[in-house]
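Here, each number is a calculation from the coordinates, and none is a lab measurement. Model, not experiment: these values are computed from the prediction. Cβ: placed from backbone, ideal geometry, glycine included. Neighbour counts: every protein chain shown.
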Amino acid sequence: MTADQLIEALGGTRPVAEALGVAPNVVHNWRTRDTVPWRRRHAVARIAAERGVALPSDFWAEDAA
């Protein structure tokens, strides 16, 4: 699963940005770069758990989305 697919599964750019308290362009950049920055992964994992979205198996790998 790519970062783009994960963000889409979580509801899309704007809903993820709102849940994280960041501007939509920040999340859009993650989609473009196909990565979720390390400092945001715990928050994204929390959102995924709240929304019942399974994280990719390599989500916690250093170079994963």
Verdict on Ala3 being exposed (fewer than 15 other Cβ atoms within 10 Å of the Cβ) and among the aliphatic types (A, V, I, L, M): no
Scope the range 2-40; condition in contact (Cβ under 8 Å) with a residue 40 or more places away in the chain, in a loop (DSSP other than H, G, I, E, B) and at negative phi; matching residues: Thr2, Leu10
Identity of the residue in the range 30-60, more than 11 Å from the chain's Cα centre (by Cα) and of a type in the set (S, T, N, Q), that ends up surrounded by the fewest Cβ atoms within 10 Å (Cβ to Cβ): Ser57
